[in-house]
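For reference, the structure is listed below as structure tokens.
The values are calculated or read from the model by the stated rules, or taken from the named source; none is laboratory data. The model shown is predicted, which means the values in this text are computed figures rather than measured ones. Glycine also receives a Cβ, built like all others from the backbone with ideal geometry; neighbour counts cover every protein chain displayed. In case anyone asks, the SASA skips ligands and DNA or RNA and just uses the protein heavy atoms, side chains included. Shrake-Rupley method; radii C 1.70, N 1.55, O 1.52, S 1.80 Å.
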Amino acid sequence: MMTQVELKFRKMFGDDVPVADEFTLLPRYYDELMQGVPYSTWVHYIVDLLNRIDDAFKFQRVLELACGTGTVALEFAQRGHQVVGVDISPGMIQIACKKARKLGLSSRAKFYIQDIAELDLPEEEPFDLAVCLFDSLNYITDPNRLVKVFARTYSHLRFGGYFVFDLNSEYALRENLFDQDNLDADESKTTLYYYWRSHYYENKRLCRVDMWFAVKDEKGNFLRFKEIHWQRAYSIDEVRRMAETAGWDWVKVLDAYTYRPPAATSERWYFVLRRPKVMASQISP
Ligand SMILES: C[S@@+](CC[C@H](N)C(=O)[O-])C[C@H]1O[C@@H](n2cnc3c(N)ncnc32)[C@H](O)[C@@H]1O
């Protein structure tokens, strides 16, 4: 028997919804969808984490990889940092630039459209800190390309600089923690409906998320579309091997937003890497 939500889903979406590529139609609605995400708490957590790890570490230039609409980058800019955000989605970057202009932060925040596995920024100075949040690295589903992300990020950071990123755990992908919808939302309060269902392919360690969206316009008509997203599960050991292959010092991995080590049921992990303070050739034998 169909549940109330499934019935509502059938009524709202039918069988024939146009499918768009990942992050092509979504950017326009991204910030509305992410309204409840505590981005500034995340920035506070990162700053506190770095301070606990290395209280002598001072940073000015911040690189945000897969920055989406730039909320985290702009939070750093508001705190006085010089920031650069990079994302593969032109729609995301367009919105990030618009937000920077609106906040009067364009002189402190620059955004580029690039694939982070091929990162090559026309920036003269290296960065002190790189961040990549909200499971963006799970979107790099080819492990060889993830190694490239580590290598390209490494070459954009100064010696002694840090790279902080998160990843969804395999537990989160296997337990279908992506399954969410708001079809029960109060119709007087929302014009944006979503219905997401995921499937984890254990043998490939890939999670497919079918994301349906329906946006109501002023006339009460709905724009309906669907995006199919893919995320890959990586183990902590794999990440460590990849990062060390690219030259990073392994500093820490934590259960996200805590200072505890990961547990079997951690949904998200936070990783901290450091670019060694000196070049290998400078270490005396
Ligand atoms: C879940 S969103 C997170 C966005 C942002 N970090 C945030 O916290 O809201 C994932 C982002 O990764 C970006 N992305 C995926 N693959 C990428 C790649 N190869 N290079 C750059 N950006 C990528 C997408 O365009 C999208 O903006």
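At-a-glance table
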quantity: Lone qualifier among R158, R101, R108 - being of a type in the set (K, R), in contact with a His (Cβ under 9 Å, 6 or more places away or on another chain) and away from the ligand (no atom under 12 Å from the Cβ); calculated: R108
quantity: Any hit, the range 131-149, residues being part of a helix (DSSP H, G or I), of a type in the set (A, V, I, L, M), closer than 22 Å to L273 by Cα and open to solvent by 10 Å² or more (accessible area, probe 1.4 Å); calculated: yes
quantity: Selection from the range 19-55 of residues that are assigned to a loop (DSSP other than H, G, I, E, B) and open to solvent by 80 Å² or more (accessible area, probe 1.4 Å); calculated: D21, Q35, D55
quantity: Close pairs from the range 108-133: first touching a residue at least 40 places away in the same chain (Cβ under 8 Å) and over 12 Å from S155 (Cβ atoms), partner part of a strand (DSSP E or B) and away from the ligand (no atom under 15 Å from the Cβ), Cβ under 7 Å, at least 6 apart; calculated: E125/R61; D128/R61; D128/R158; D128/G161; L129/G161; L129/Y162
quantity: Set R79, R61: member being in the same structural domain as R275 (by TED's automatic domain parsing), open to solvent by 80 Å² or more (accessible area, probe 1.4 Å) and more than 19 Å from Q231 (Cβ to Cβ); calculated: R79
quantity: Pair list, Cβ < 7 Å and 6+ apart or interchain, from the range 5-25 residues that are closer than 24 Å to Q94 by Cβ to residues that are open to solvent by less than 70 Å² (accessible area, probe 1.4 Å) and at pLDDT below 80; calculated: none
